[in-house]
Structures are given as structure tokens and as C-alpha cells.
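Please treat every number below as a calculation from the coordinates, not as lab data. What you see is a predicted model; the values in this text were computed from it and never measured. Using ideal geometry, Cβ is built from the backbone for each residue, glycine included, and neighbour counts are taken over all protein chains shown.
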2 protein chains.
Amino acid sequence: MNSAPLQHLSGDKADKAKVILDGALQVFTADGYAAASMGRIAAAAGVSKPTLYSYFQDKEGLFVALIQQLTHNLRYTILHLPLDLDPQEPPEQILRQMATSTLNEFSRNASLLTLMRLVIGESERFPDLSRTFVREIIKPMVERFSAFLATHACFGHSDPMVAARIFSGAIAHYLIMQHILHGDDILPLERDRMVNGLIEMMVSYP
Amino acid sequence: MNSAPLQHLSGDKADKAKVILDGALQVFTADGYAAASMGRIAAAAGVSKPTLYSYFQDKEGLFVALIQQLTHNLRYTILHLPLDLDPQEPPEQILRQMATSTLNEFSRNASLLTLMRLVIGESERFPDLSRTFVREIIKPMVERFSAFLATHACFGHSDPMVAARIFSGAIAHYLIMQHILHGDDILPLERDRMVNGLIEMMVSYP
DNA sequence: GTCTATATAGGGATAGAC
DNA sequence: GTCTATCCCTATATAGAC
């Protein structure tokens, strides 16, 4: 449970913890939790196994620390994503940019999709990690969409919270189908076509 | 690769294969692929390990056979689901029943959510299984929705295929958030409230 | 045909050297 | 503080008995 090194430490220690987490990311990403071995993580990080255990209590502690770090980073990325939007644009255009930015970021940064896959795949073994994911990532993202939809009358949803969940659900489902489940060839769908249809549906009275 | 017993066999053989698959379902469901052990599967099925290996080539073969069977069953369930709909109802009501039936079936039958979790979680190790899932489950489901939306002008979507993906994406995302990621307490949302918002959004000109 | 018993390998975790 | 070497356990897969 208690996997120490998130406070400030002397530079070398923090660096080595980061090196270990980078190795852990590679191996857990490729193999999943159970099939990953501490030996391969050590090799990927360029340290020995006892060093792993001096920084993290055990395999579970290392995995939890990694997922929490990825969740934290993703939260930061998501919440700071649409800062470059132009508030002068019509709301419909801003929503389009939100969808496009989100899809671009997830497609560009593979580790975000990796996190989704790991969290879903390990949701029975690590239910608290999945709850953290919902609380830190999904909830703020949906609430941001909901607030935006609620403050712009042109969307005219009687229930902006539900509209926001449909909006983010469509984006997440698209990413899972095309990129995680390798459905690109079986169920092809261009990103822009998807976004066009989504915006059209969000605007109630065109 | 070649894990034989899907053809017709003498009754006992087919029965024992089914018993083994039932045990495999329990263990793979609880532990995931890598952490599951053939010993526990044998125990859950009430047979010995060599019997497992006489019916399935190895652990991979058993897992692939299990997922393919679950996929097949789920396809059957999904495609025969809305047979009890009343074609006299207005299209909006039929769509509501489609959403409600799908949500009910997935909530009632836990093995369907289990399949989604396993397929997503093992999508890197077994990419072909995830493609099969998309081809056999997602594609026909989306195409059914799309055909329904296209043939009822009241929905008025310029791109029914995209509308169908948003529709099924919203449902899938709801199930993943509430049931797989245990987000019920963090992001509560009643089923009927979700369905109401979804139908409202699918109908273009209310 | 099915089970007991086992060969063989690999992983988690640690004791002790440097 | 980090590594080498090792302990102990569990897992996959199979040989041989019944």
C-alpha cells in the first residue's frame, strides 16, 4: 500500500524513481499487470531488482504508483487542453475544437490510450484505481463539457450533464473501437466525419 | 491455434468441453488471462490438468476458444434482442426500447460486461480477438441502429452511420463507467435519465 | 480416457557482499 | 545504496500408471 517516494527527495533519488517508473510503464504497457515481471522492469529501467524493491514496496505498489502518476499527468493534460481556444468563435465552433483537440491528443499521445486499456483491464484487481480514474479524469472532463453546454443556450439541452456524457462517450467509444480494439479496417470512420456528425447532433436547432 | 472441439462430437465429449469452458470462464473472469492458472481452471471444472490439455492445445488455445464462444453467444443475444418490439409504436419509442433493452441486457447478464473487459484488457496480447469482437458484435449492432435511423426520416440525420455510432457509443460508455470502472457513486446517473437525454438528442426536430 | 506425480522453467522477494 | 546470487513458490506442460 505505502509506496513512499512522492514527496520531495534529493535529486538522485527522485530521478531514479522516475527511471524505474519509465521502465515499469514500458513493461506494464506491453504485458499487462500479471504477465509483467519485476526482472524485465529492472532491465528496462537499467537497475537491479533489489533497487526496485528499495523504491517500491512490491509489484502492486509499483503498479499503483505508475497508474496514479499516469492519471495525474492525464488529468493535467486534459484540463489544460483547450486553453488555445478563441472565445470569440461561435459556441458550435468551440465545441468542435474541443472534440478535435481531445481526439488529436489521445491519438498523438499513445500513453493515454494505454492508461485506459490498463485501467479497464485491471478494474477487477484494482477497483480503487478505476475509481480514481473516474474521479480524476472522467468526472472533470464531463463537468467541463456540461458547464459549457449549459451556458450556451444554442445547444438547448434539457439535461446538459447527460448531453456531456453522450459527447464524451462518443469520443471515448470512437477511440476504443478504432485504436484499442484495432477496428480501423473493420469499421472505418474518419475523425472529421465523426466530429461533424457529433456537432450536428449536439446543436438542437440548426 | 487449432483448438479442435467446435464440431459435433459424441455427447460426453462435447459436455466435458463445455464443463472446461465454464471453469475457464470463472477463472479468466476473476483473474484475467495471465494470472489465471490451468490448475485453478481444472479445479473449477472438476477435471485434472491433463484433461484440459487433451481438449485444448494450451492456455492460449483455451482462452481463444472461450472468448470466441462468448463472442458468438453475445452476437446471438444482441441480434435477437429487440424482437419483442412493437412496430406500431412511433420510431422514437422503438429507439427508446432499443436503448433500454440493450442497457438492461448488459446489466442483467454480467458475462457480457466481462467479455468487454477481457477483450479490451487483452487487446494487445490477442489483437485478433479484439478484431473479432468488433466484427461480430460492434459492427452488426451499429449497422442495425444505422439502418433503423436511416429508414425513419423523423430522426433527420445527415449521416445515420455516425449517429448510430454515437448512440451505441453513449450506451457502451455508460456501461463502462458505471459498471466496469465502478463509477456509480462518483458519477451517478440513472438509466432512465440517460435514455431520455439520448432519445432527445437523437430526434432532430422535436 | 483420465488421474497422480513430476520435470522444467520462471518469477517475486531477499540475504549478504561491495 | 546498489548489485550478485539465491530461496522458495507457483505455473505450464507431460510422462507414465490405472
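Of the peptides A:165-174, A:21-30, A:143-152, the order by per-residue mean of other Cβ atoms within 10 Å, starting with the highest, comes out as A:165-174, A:21-30, A:143-152. Any chance you could give the angle, 0 to 90 degrees and rounded to 10, that helix B:191-202 forms with the longest Cα principal axis of chain B? Taking Cα atoms only, the helix is inclined about 60 degrees. Counting, for every residue in B:168-180, the Cβ atoms of other protein chains within 10 Å of its Cβ and taking the mean gives 6. For the peptide A:25-33, the mean number of other protein chain Cβ atoms found within 10 angstrom of a residue's Cβ is 2.
Label separation (A:SER111 vs B:SER111): 4.0 nm, computed from points 7 Å beyond Cα along the C-beta direction.
Dividing the mean sequence gap of close Cα pairs (under 8 Å, 6+ apart) by how many residues chain B holds gives a relative contact order of 18 percent.
B:GLN69 label point (Cα plus 7 Å toward Cβ) to equivalent points in the other copies: 4.2 nm, shortest first. With θ taken as phi - 60° and the Karplus curve 6.51 cos²θ - 1.76 cosθ + 1.60 applied, the whole-hertz 3J(HN,Hα) list for segment A:154-169 is 4, 7, x, 8, 6, 9, x, 4, 5, 4, 5, 6, 5, 4, 5, x Hz, x standing for glycine and proline. Using only Cα atoms, find the angle between the long axis of helix B:11-35 and the longest principal axis of chain B, and express it within 0 to 90 degrees, rounded to the nearest 10. It is inclined by approximately 70 degrees. Scanning chain A for the beta carbon that comes closest to the axis linking it by rotation to B yields A:GLY121, 1, distance in whole angstrom. Global dimensions of chain A from alpha-carbon coordinates: Rg and Dmax equal 19.7, 63 Å. A:LEU95 sits among other residues whose Cβ lies under 12 Å from its own Cβ, and their net charge, with Lys and Arg +1 and Asp and Glu -1, is -1. For the cross-link pairs A:LYS18/A:LYS139; A:LYS59/B:LYS49; B:LYS59/B:LYS139; B:LYS18/B:LYS49; A:LYS139/B:LYS139, the ones whose C-alpha atoms lie over 20 Å apart are A:LYS18/A:LYS139; A:LYS59/B:LYS49; B:LYS59/B:LYS139; A:LYS139/B:LYS139. Annotation: average projected area of the protein assembly as shown is 22.8 square nanometres, based on the convex hull of Cα atoms across all directions. Basic side chains Lys and Arg get +1 at the Cβ, acidic Asp and Glu get -1 at the Cβ, and with that the dipole of the protein assembly as shown about its Cα centre reaches some 1020 debye. Between copies, the label points of A:ASP15, set 7 Å from Cα on the Cα→Cβ line, lie 6.8 nm apart, reported in increasing order to one decimal in nanometres. Summing +1 for each Lys or Arg and -1 for each Asp or Glu, what net charge is found among the other residues whose Cβ lies under 13 Å from the Cβ of A:HIS157? Net local charge, A:HIS157 excluded: 0. Distances from A:PRO127 to itself in the other copies, using label points 7 Å out along the Cα-Cβ axis, amount to 3.4 nm in increasing order. A cut-off under 15 angstrom between Cβ atoms defines the neighbours of B:ALA110, and their net charge, with Lys, Arg +1 and Asp, Glu -1, is -2.
Roughly speaking, what is the stretch gain from B:THR151 to B:ASP15, that is 0.36 nm per residue apart minus the C-alpha to C-alpha distance, in nm to one decimal? List each step's numbers first, then the result.
Numbers: separation 136, 0.36 × 136 = 48.96 nm, distance 4.43 nm.
Roughly 44.5 nm would be gained on extension.
Dipole magnitude for chain A: about 580 debye, using +1 per Lys or Arg Cβ and -1 per Asp or Glu Cβ, origin at the Cα centre. Counted by neighbouring Cβ atoms within 10 Å, the residues A:VAL195, B:VAL19 run from fewest to most as B:VAL19, A:VAL195.
The separation of segment A:105-139 from segment B:64-126, counted between C-alpha centres, amounts to 23 Å. Specify the angular offset, from 0 to 90 degrees and rounded to the nearest 10, of the alpha carbon long axis of helix B:59-79 from the longest principal axis of the alpha carbons in chain B. Approximately 30 degrees, to the nearest 10.
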